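Read the structure below first, then the notes.
A short reminder: the numbers here are calculations on the coordinates, not readings from a lab. None of the values given here were measured: they were computed from a predicted structure. In this analysis, Cβ positions are derived from the backbone assuming ideal geometry, glycine residues included, and neighbour counts consider all displayed protein chains.
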Amino acid sequence: MAEGVYRRIVASRVRSQLAYPTSFALDCLAQAIGQALELVVILVVFGRVRSLGGFDREEVLLMYGLAGIAFGLADLAVGQLDDLPRWIRTGEFDVLLARPLGTLTQLATSDLQLRRLGRVAVGLVVLVAVITGAGIEPTPLNLALLVVTPLVGTVLISAIWVATCAVSFWVVDGKEVANAFTYGSSLTTSYPVTVFGPWLRRVFCFAVPSAFVAYFPALALLDRPDPLGLPHALRYASPLVAVVAVAVAALVWRTAVRRYQGAGS
Amino acid sequence: MIVETHGLRREFRIGRIGRRRTVVAVDGIDLTVAHGEAVGFLGPNGAGKSTTIKMLTGILVPTAGTLRVCDLDPVRSRRELARRIGVVFGQRSQLWWDLPLRESFALLRAIHRVEPAVHRERLDRCVDVLGLAEFLDVPVRQLSLGQRMRGEVTAALLHAPDLLVLDEPTVGLDLVSKERLRLFLQEVNAAGEVTVLLTTHDLADVERLCRRVVVIDHGTVVADDSLAVLRTTFGGARELVVELTAPTPALTGLPGVRGVAVEADGLRQRLAFSPADTTAAALIAAVAARVDLRDVTVVEPSIEDVIRTLYATRTT
């Protein structure tokens, strides 16, 4: 039943945004250009070097494509959380608590920026373009991985996003900290973790699991050994990691809302 | 009882780490509201009105005390309670800002699982009485404050709540909008459909809507009575304003009169009296026996005076 409500909220939003098709198309284009700029950076770098962290251009672009789709979809789903500090500061968060619905889903549906699909489109185009160039075997497992990876990545990035944005309940000006993880994850997921130093690498593999968004699944798709020598099973572990991440994010969010209500401080 | 609180208390911890201090916003409020009542919550800024409302609606957890609303524990059963009450925050919108009212109402229907036919009937009534028809299809962000508030009240009533909680519903509205809203709320409450609890700065809201007034200051209830009783207890003197045909020296020595103020060279005189000492009729007769009267008016103490007296007695 509740799902039906959210579907209706989303449907209303879609209708209201498509009411101005030209402005919608321009918004999409702007988002696509934003995403494509990162692509240009990668291409420029590869104009100078042959490999980045042990991966060639097509291989890095594969990670970029997978991560781009995941980031775009996550941004679409929970990007509204960026406004959380405002909701808290102005007291508008109270309004969410006065409705018979969950706070997180209400926030997520408080605005639906369909234009973020522009980002997803760029990721999708790049992904399709490099599938052959990167030498991915068209096995059923790989095809399944290609479909599942961006979706699991979406869940992972969303969970990271939710958990870090909840910081705003403790520190109202915590937006900068949260953004380091949210928009930062666009960067950290698009490159192979091997380009980072050992300390950061550990963070992205095990603390903030952004390496599971694109890096590990890409190893599976490319059928390459891990240059870091990490266990082979990790490349198929993303869905499991996503489940854990969602559980942690849900716990953090619950604790944060309790604190807001004054039960936990 | 639809609302029942005992020793309701809420503290906030404010300030930086190391310099933390505790502020008591609500300090032991006992309040019971019966079905069908219309209760006005009155008090200065920072008196604890809004904090109390937030605890009643499950937004904030009380620091201490017991609390039941619609026989539910507001925080534990927040979502269930939200189905039984309607909340209007004057300063915040609970509508979807980018959607037209019509769509907001349709979403609320789905959220509260109201039968389409029942929904249409309730909506039609609100549209009719509150005059929503002309802006039903305009996105909420483009509505004027008065239009939006009418939408908010409609939104809060569509699921036929047992309790309607309004936190400063008339803030910022022009006189006509205020009046329209008050009339509607009065009608809804009089029909016995919903219990109304409202906080306000605007004393006219209370005078028009609430038979019972709870005055809050510094987090405690300083008065809880009917408006009429509050008036006679704390209101002090009423005033008889007499307009005379010729300038006359101050009308002193009238029985039961506590003070005389002379205006317009004695053409108008204000006679303060207490209903306990004499009646307006007796006083008018006494004045008429001494001078020629052109006009008389009896001025009730305003509720502002009542509240001011209350605060004065409390602080001294």
The stretch B:237-300: Rg to Rh, with Rh as the Kirkwood radius over Cα pairs:
0.91
Per DSSP H run of n ≥ 4, the term is -39500 (n - 2.57); total these for chain A, divide by its residue number, and report the mean residue ellipticity at 222 nm rounded to 500 deg cm²/dmol.
-21500 deg cm²/dmol
Estimated FRET transfer efficiency (B:A272, B:E207; beta-carbon r; R0 22 Å; 0.05):
0.55
Within 10 Å of each residue's Cβ, count the other Cβ atoms and sort A:K175, B:K49 from fewest upward.
A:K175, B:K49
Let's see if you can work this out: charge +1 on each Lys and Arg Cβ, -1 on each Asp and Glu Cβ, no other charges. What is the dipole magnitude of chain B about its Cα centre, in debye to the nearest 20?
1320 debye
Nearest-0.05 FRET efficiency for B:H218 and A:V14, computed from C-beta distance (R0 56 Å)
0.65
Among A:I42, A:V130, A:G197, which residue has its Cα positioned farthest towards the positive end of the charge dipole of the stretch A:2-261, with +1 placed on the Cβ of Lys and Arg, -1 on the Cβ of Asp and Glu, and the dipole taken about the Cα centre?
A:G197
Under a Cβ-only charge scheme (Lys and Arg +1, Asp and Glu -1), can you give me the dipole magnitude of the protein assembly as shown about the Cα centre, in debye to the nearest 20?
1480 debye
What do you get when you divide the Cα radius of gyration of chain B by 2.2 N^0.38 Å, with N the number of residues?
1.22
If you take all C-alpha pairs in the stretch A:1-105, what percent of them are over 17 Å apart?
71 percent
Sort A:Y20, A:Y191 so the one with the fewest other Cβ atoms within 10 Å of its own Cβ comes first.
A:Y20, A:Y191
So what are the radius of gyration and Dmax for the Cα set of the stretch B:159-266, in Å?
19.9, 63
Dividing the helical contributions, -39500 (n - 2.57) per DSSP H run of n ≥ 4, by the residues of chain B yields a 222 nm value, nearest 500 deg cm²/dmol, of -10500 deg cm²/dmol
Separation of the stretch A:47-114 and the stretch A:188-243 by C-alpha centroid, Å?
20 Å
Mean-square fluctuation check for chain B, GNM, Cα pairs under 10 Å: which of B:D128, B:D202, B:D265 is largest?
B:D265
For chain A, alpha-carbon Rg relative to the globular expectation (2.2 N^0.38 Å, N residues)
1.04
Exposure-ranked with fewest Cβ neighbours within 10 Å first, B:M149, B:M55, B:M1 stand as B:M1, B:M149, B:M55
Alpha carbon centre of the stretch A:124-151 versus the stretch B:137-158: separation in Å?
49 Å
Using only Cα atoms, figure out Rg for the protein assembly as shown and give it as a multiple of 2.2 N^0.38 Å.
1.31
Here FRET efficiency (C-beta to C-beta, A:V41 to B:L183, R₀ 60 Å, nearest 0.05) is 0.40
Cα extents of the stretch A:97-175 along the three principal axes, largest first (Å):
51, 28, 23
